[in-house]
Amino acid sequence: MIASTGSSGLYKAPLSKGLLFIPSALSILLAFLFQQQQALFIYNWQAIKEDFHIWRLISGRIICLDLKDTFCSSLLIYNFRTLERRFGSRKFTSFLLGAWILSTLFDFLLVEAVELVCHITLSTLPSGFLAPIFALFVPFYCSIPRVQLAHILGLFPITNKTLVYVVGLQLLTSSPYMVVVAASGLISGLCYNWDVLNIRQILCVPNWLANLFSQMLEPIFSSEEPVNETPVGMGATVDIQRQQRIELLDQQIMFSQIAQLGRRPQQQGRALTWNNFFQPWRNRHAANHAEPQAPPQPSEQQVTQLMEMGFSRSDVLTALRASNNDINVATNYLLQR
């Protein structure tokens, strides 16, 4: 889906907005105003192992010291905001926290493996919130639908996800040692996505903490709902215009299904009252035409997953029934209301 630019593009993505602006601002301040303090944020593995500077595991993995890495990581966070809208801020935060903690362990294992196999000592690794960003490629690949937009020379497809992969490749090639951080992040993302050793429950943001941050920080980083969207057909290319029309058609189909679902109980109630006066005819009609089976009820796990995103139970049940229990379609409907 083509998002609008500016802060409205971060609607319902307060954590993505905070990760986009705060680390970028601190990185710029360190690059231009506080250059002497940059040494405190170097991800120095030699100092961690030999001098026991454990605090570098935190300071060295938050702020990028290379402005090119800052720019690429900011672009990726902006594009990954779709995951926060889809999963909800609490689940999105839990994923980032789990990937950030797990990548610390995998950084150590990979550094030791490189030194043992290749006889190369990695004294420093690229600084910044990089491993969790690479970890987000796992749910991005698995959860975000792929929409084809064009072809290059009729052979190489261009999709809505191509730009994200290109920016990720640019970030990967920005430093020789970035491969270690990228591998650590991808492994962490796979472990969390597959729930290895029940890691989701172990490294999960508690409800009370999520509610606390929601009350304190969400009003600061929340964005207003966009009201002035670009009209359909005003895209830069014919392919973008076609994609916008497809998205509009999908929205109209979902709204039509919801409207039919709301009218169905009223129609059934009127038919029941009328048939009470013609009981014999109703019995014959029922014998000739069997009633269609009712759609399956949504599972409690699906309802809970959508309610964690902040929607009410009644809205969640309505969206799931209208989408035939397809959680992706139901999520898109709830977000577009």
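The values are calculated or read from the model by the stated rules, or taken from the named source; none is laboratory data. Here the structure is a predicted model, which means the values were calculated and not measured. Please note: Cβ atoms are built from the backbone with ideal geometry, for glycine as well, and neighbour counts cover all protein chains shown. Ligands, DNA and RNA are stripped out before the accessible areas are found, and what is left, the full protein with its side chains, is counted by its heavy atoms. Shrake-Rupley method; radii C 1.70, N 1.55, O 1.52, S 1.80 Å.
Some points to look at:
- Take every Cα pair under 8 Å whose residues are at least 6 apart in sequence, average their separation, divide by the length of segment 1-143, and the relative contact order is 32 percent.
- If you sort the three axes of the alpha carbon gyration tensor as a ≥ b ≥ c, you get a/c of 1.5 or more for segment 47-87 and a/b no higher than b/c, which makes it oblate.
- Additional length obtainable on full extension of the chain from Leu155 to Ser143, 0.36 nm per residue less Cα span: 1.8 nm
- Cα gyration tensor, segment 1-97 - rounded (a/c under 1.5), prolate or oblate: oblate
- Cα→Cβ-extended label distance, 7 Å offset, between Leu116 and Phe34, nm: 3.8
- Once you divide the Cα radius of gyration of segment 45-193 by 2.2 N^0.38 Å, the number left is 1.11.
- Estimated FRET transfer efficiency (Leu217, Ile62; beta-carbon r; R0 22 Å; 0.05): 0.85
- Heavy-atom accessible area with a 1.4 Å probe sorts Glu218, Glu50, Glu84, largest first, into Glu50, Glu218, Glu84.
- Cα gyration tensor, segment 115-198 - rounded (a/c under 1.5), prolate or oblate: oblate
- For segment 68-85, backbone phi angles converted through the Karplus equation (6.51, -1.76, 1.60; θ = phi - 60°) give residue-by-residue couplings of 5, 5, 4, 5, 5, 5, 5, 4, 5, 4, 4, 6, 7, 4, 4, 5, 5, 5 Hz, Gly and Pro being listed as x.
- For segment 108-162, the fraction of alpha-carbon pairs lying more than 13 Å apart is 73 percent, rounded to a whole number.
- Amide H to amide H, with H built 1.01 Å from N, Leu149 comes under 5 Å of Ile158, Thr159, Asn160, counting only residues 5 or more places away or on other chains.
- Each peptide in 107-120, 90-103, 55-68 receives the mean, over its residues, of other Cβ atoms within 10 Å, and ordering these scores from highest gives 90-103, 55-68, 107-120.
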